Amino acid sequence: MEKDTYSPKHSTPLPTREGQGGGSRLVIKIGSNVLTRKDGKLDVTRMSALVDQVAWLRQQGYEVILVSSGAVACGRSELKVDHALDTVEQRQLFSALGQVKLIGLYYDLFREFNIPVGQVLTMKENFEPGEQYDNQRACMRVMLENGVLPIVNENDTVCVTELMFTDNDELSGLIAQMMNADTLILLSNIDGIFTGHPDDPQSQLIRTVAPGTDLSTYIRTEKSAFGRGGMHSKYTTATRVQAAGINVIIANGERDDILCDLFQRPDQIPFTHFLPQ
Ligand code: GLU
């Protein structure tokens, strides 16, 4: 690794959009593992804490788009099925059940802050250039202009097999580019990218990644317990989005106050920051 890609301290990473009269636009992706307990049930306490922090970010003037996983994990705990379902049936059934619960909870939690939320369910084909792409972008624009917080997920009921996004990391990267975000924050259950296994005390967190840096030797290919993503897909998304001129942060959504700390005391907490091209 080149020396300038690692520094023990972060520079203040999260920009404001100067001269545009508004705060900076953030896309925050919350992974299934962050929202799910070990037994597979939804972690409402953590969800509520993250909602508090998103509300705080909005109060600070940031525009926020949430990309939330968790539909399939949520639906799984809602229903006991006494016969075998194939993978596609499971995904369809549990996402259909779980998305209702997920968005219902977000609705209730954000209502405490008088923040209206809107649901955006999307598909890979909506990101091809053309009418659907334009409509989707226009929809999220009008939501933001009217103070509505978009909560995005893949439409898991109809996106199956080859029609699927790799995972919600890929989806959030596409949303960040579509909406000209300043920063994409990928919240998962580890602190960022390390120079070895995160549990190995010899491993060091890579704090800053300059554009064009190849970290592939440090990326593990194993996947997370409940979501479809893993560090490999986060890294692929992060480099793509960084090349589009957007900051990307990989941080641990299981840490208390992570979102506020990223903005208030970035030097004191672990995360990996991909600097924009
Ligand atoms: N869309 C899926 C869900 O809400 C998650 C996909 C992923 O894990 O990235 O359950």
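The values are calculated or read from the model by the stated rules, or taken from the named source; none is laboratory data. In this text, all values refer to a predicted model and were calculated from it rather than measured experimentally. Because the Cβ atoms are built from the backbone with ideal geometry, glycine has one as well, and the counts that use them run over all protein chains shown.
Is it the case that some residue within region 135-143 is more than 12 Å from the ligand (Cβ to nearest atom), assigned to a loop (DSSP other than H, G, I, E, B) and more than 20 Å from the chain's Cα centre (by Cα)? Don't jump to the end; show me each part of the working.
Restricting attention to region 135-143, the residues satisfying the condition of being more than 12 Å from the ligand (Cβ to nearest atom) are 135-143.
Checking which are assigned to a loop (DSSP other than H, G, I, E, B) leaves us with none.
Looking for residues that are more than 12 Å from the ligand (Cβ to nearest atom), assigned to a loop (DSSP other than H, G, I, E, B) and more than 20 Å from the chain's Cα centre (by Cα), one finds none in region 135-143, hence no.
Can you list residue pairs whose Cβ atoms sit under 9 Å apart, with the first residue in region 240-251 being touching a residue at least 12 places away in the same chain (Cβ under 8 Å) and assigned to a loop (DSSP other than H, G, I, E, B) and the second being among the small types (Gly, Ala, Ser) and surrounded by 23 or more Cβ atoms within 10 Å (Cβ to Cβ)? Count only pairs 6 or more apart in sequence or on different chains.
Partner pairs satisfying both residue conditions: 244/173; 244/176; 246/173; 246/176; 246/181.
Say we look at region 43-78 and pick out the residues that are among the acidic types (Asp, Glu) and farther than 19 Å from residue 141 by Cα; which of these is farthest from the ligand (Cβ to nearest atom)?
52
Out of the residues in region 180-202 that are of a type in the set (A, V, I, L, M, F, W, C) and farther than 19 Å from residue 36 by Cα, state the one that is surrounded by the most Cβ atoms within 10 Å (Cβ to Cβ). Don't jump to the end; show me each part of the working.
Step one: filter region 180-202 for residues of a type in the set (A, V, I, L, M, F, W, C), giving 181, 184-187, 190, 193-194.
Retained after the next criterion (residues that are farther than 19 Å from residue 36 by Cα): 181, 184, 193-194.
On the way: 181: 25, 184: 29, 193: 23, 194: 21.
That would be 184.
Under 8 Å between Cβ atoms, which residue pairs at least 6 apart in sequence (or on different chains) link something in region 93-121 that is more than 28 Å from residue 59 (Cβ to Cβ) with a partner that is among the hydrophobic types (A, V, I, L, M, F, W, C) and assigned to a strand (DSSP E or B)?
If the second residue must be among the hydrophobic types (A, V, I, L, M, F, W, C) and assigned to a strand (DSSP E or B), no pairs are left.
Being surrounded by 18 or more Cβ atoms within 10 Å (Cβ to Cβ) and either within 16 Å of the ligand (Cβ to nearest atom) or farther than 24 Å from residue 41 by Cα (or both) is true for just one of 148, 100, 152, 88. Which residue is that?
Details: 148 fails: surrounded by 18 or more Cβ atoms within 10 Å (Cβ to Cβ); 100 fails: surrounded by 18 or more Cβ atoms within 10 Å (Cβ to Cβ); 88 fails: surrounded by 18 or more Cβ atoms within 10 Å (Cβ to Cβ).
After ruling out the rest, the residue left standing is 152.
Return the only residue of 68, 77, 32 being modelled with pLDDT under 95 and closer than 26 Å to residue 237 by Cβ. Show your work before the answer.
On the way: 68 fails: modelled with pLDDT under 95; 77 fails: closer than 26 Å to residue 237 by Cβ.
Only one candidate passes the filter, namely 32.
For region 159-194, give me each residue that is at pLDDT below 90 and either out of contact with any Lys or Arg (no Cβ under 6 Å at 6 or more places or on another chain) or in a helix (DSSP H, G or I) (or both).
Answer for region 159-194, where residues must be at pLDDT below 90 and either out of contact with any Lys or Arg (no Cβ under 6 Å at 6 or more places or on another chain) or in a helix (DSSP H, G or I) (or both): 159, 160, 161, 162, 163, 164, 166.
Residues that are surrounded by fewer than 22 Cβ atoms within 10 Å (Cβ to Cβ) and of a type outside the set (Gly, Ala, Ser): does region 65-75 have at least one?
Within region 65-75, the first condition is being surrounded by fewer than 22 Cβ atoms within 10 Å (Cβ to Cβ), and the residues that meet it are none.
No - not one qualifying residue is present in region 65-75.
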